[in-house]
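Note sheet for the following structure.
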Amino acid sequence: MFLEKNVPLQSYNTFGIAAKAQALVRVRSEADLLAVLADPQLASLPRQVLGGGSNIVLTGDVKALVLKMEVPGIGLVGETDKHWLIEAGAGVDWHALVAWTLDHGYPGLENMALIPGTVGASPVQNIGAYGVELQDRFDSLDAMDMFTGELFSLNAAQCGFSYRDSVFKHACGAADGLGLAGRAVILRVRFALPKHWRPELGYLDLERKMAETGIDSPDARQIFDWVVAIRRAKLPDPQVIGNAGSFFKNPSVTPEQCADIIAREPKVVHYPMPDGSIKLAAGWLIDACGWKGKTVGHAGVYEKQALVLVNRGGRENPCTGGEVMTLAKAIQTSVYERFGIRLEPEPVVI
Ligand code: EPU
C-alpha cells in the first residue's frame, strides 16, 4: 500500500471538476484494504470509495481517505446449465468489460454498452440502459467489511437492487438495517450471462434502429453497435464535455398523479411499470420547463438531453461542484412548481 497526498482529482471525475484528495490509496487487491485497516492513522479516517468518478459531484477537496478502486482482471470462472459466469475486478472499466464479453462469445451486456464508470460501481446504482439493468445479469459479488476486515459475498437478493438503487447506497446503521454504504467495499463482481441469449429490443430507440436498417433479428454485436451510436448521438462524451450521465432519476408517480399531470400536460412522456406505478421521463419534465442549453457559471444543461448537466468550462475553467448544485436546485424548483414533482439527483454529492 502506498499513501499519496494532495492528489488532483480532475481526471478522476467525469465532470472534470478540479478538487484534491488530501490522502489517496490505490486498491489493487484485498491486501491494500487490509493494509489500510492495519495502519492506526489511516484506519481511523473517514473513507470515500472512488471508482470511475462518473457518478459524483465534488463540491470541494475531499478530506476523507480516498480508496481509488483499481482491482484488475476479467475471466470466465464457471458455468451452469443456463449461464456463463464471468468475473471482473472492481477497477475494470465497464465498457471494456462489455466489449470483452462480446469478443469472447458471451453476450448479454450489450444494451449497457458505453455506460461510463467501473465494474465495482455498477451494482451500487444498479446501472441500466435500453431495457436491461445490471440486476438482470448479476450473479454475486465479493466485498470487504471495512469494520472487521472480513471478506464476504452477496447474491442479488442480498444487494437489494431496485431502480438505480441498492444496499450500497444506503447508510450503514439506517433504520431498515440493510445499508452497507460506508461499510462494504466491492472488490469483484460476477455476472451470469445467458447461454440461450435472446435480444432485448423493447426500447423505442432500438425499435427505431431496426426500422431504419431493416434488421429485425440483430445479433449482440449489432445491438452493441446501435447502443453505442444512440448514446454518442444524444449523450455528451465525458472526454470532450464533462458530465455525470443522467443527473436526476426518472420519478415514479401513482396512476392518479399521472392522470392529473396528463390532464394539464397531455404530452408528458410516461411509462407504466410492472408494479402499477408510472415512471415519468425527468428529461422531458426539465425540457418542458425550458432548461435545455441554460447555464449557471460554467455548469450547464446539455443541449441535446435536458437530463444531463455538463461542465462548459472544459479542463481550463471547469465548473465547480457548487455551480452544478445551484443549477440542479434551480431545476428541481422549477419542475416542482410546474408539475408538483420532486426530482431526486442520481450522482453522489461529495
Ligand atoms: N426527453 C425530452 N427532452 C429531453 C430529454 C428527454 O423530451 O431533453 C424525452 C425523450 O424524447 C424520451 C424520454 O424523455 O421520450 C426519455 O428519454 P431517453 O430515452 O433519452 O431516456 P432517459 O429516461 O432520459 C434513461 C436513463 C439513461 C439511459 C436511457 C436509455 C435514467 C435516469 N436515465 O434516460 O441512463 O441511458 O434511459 O435506457 O434512468 C444514466 O443513468 O446516467 C443514464 C444515461
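Return yes when Gln41 is of a type in the set (S, T, N, Q), surrounded by fewer than 17 Cβ atoms within 10 Å (Cβ to Cβ) and at pLDDT 95 or above and no when it is not.
Numbers: of a type in the set (S, T, N, Q): yes; surrounded by fewer than 17 Cβ atoms within 10 Å (Cβ to Cβ): yes; at pLDDT 95 or above: no.
Here the answer is no, as Gln41 does not meet what is asked.
Among Ala330, Ala259, Ala299, which is the only one that is modelled with pLDDT of 95 or more and under 21 Å from the mean Cα position of the chain (by Cα)?
Ala299
Do we find a residue being under 11 Å from the mean Cα position of the chain (by Cα) and within 14 Å of the ligand (Cβ to nearest atom) anywhere in segment 101-110?
No: zero hits.
Quick check on my filter: what residues within segment 100-114 are surrounded by fewer than 21 Cβ atoms within 10 Å (Cβ to Cβ) and not in a loop (DSSP other than H, G, I, E, B)?
Passing the criteria: Trp100, Leu102, Asp103.
Which number in (1) open to solvent by less than 60 Å² (accessible area, probe 1.4 Å); (2) touching a Ser or Thr at 6+ places or on another chain (Cβ under 9 Å) marks the one condition that Tyr163 misses?
Looking at each condition in turn, Tyr163 falls short on (1).
Grab the strands (runs of 3 or more DSSP E) fully contained in segment 1-79, keeping just those with 1 or more residues being touching a residue at least 12 places away in the same chain (Cβ under 8 Å) and more than 22 Å from Arg183 (Cβ to Cβ).
3-8, 20-27, 74-79
Name the residues in segment 244-256 that are within 9 Å of the ligand (Cβ to nearest atom) and either on the phi > 0 side of the Ramachandran plot or not hydroxyl-bearing (Ser, Thr, Tyr) (or both), would you?
Ala244, Gly245, Phe247, Phe248, Lys249, Asn250
Among Ala288, Ala220, Ala259, which is more than 10 Å from the ligand (Cβ to nearest atom) and free of Cβ contacts under 8 Å to residues at least 60 places away in the same chain?
Ala259
Any residue in segment 115-124 that is surrounded by fewer than 21 Cβ atoms within 10 Å (Cβ to Cβ) and either more than 16 Å from the ligand (Cβ to nearest atom) or free of Cβ contacts under 8 Å to residues at least 40 places away in the same chain (or both)?
The answer is no; no qualifying residue exists.
Given the criterion within 16 Å of the ligand (Cβ to nearest atom), within 27 Å of Leu9 (Cβ to Cβ) and open to solvent by 70 Å² or more (accessible area, probe 1.4 Å), identify the matching residue among Lys294, Lys329, Lys267.
After ruling out the rest, the residue left standing is Lys294.
The values are calculated or read from the model by the stated rules, or taken from the named source; none is laboratory data. Please read these numbers as outputs of a predicted model, since none were measured by experiment. Cβ atoms come from the backbone with ideal geometry, glycine included; neighbour counts cover every protein chain shown. Note: accessible area is taken over every heavy atom of the protein model, side chains too, but ligands, DNA and RNA are not part of it. Shrake-Rupley method; radii C 1.70, N 1.55, O 1.52, S 1.80 Å.
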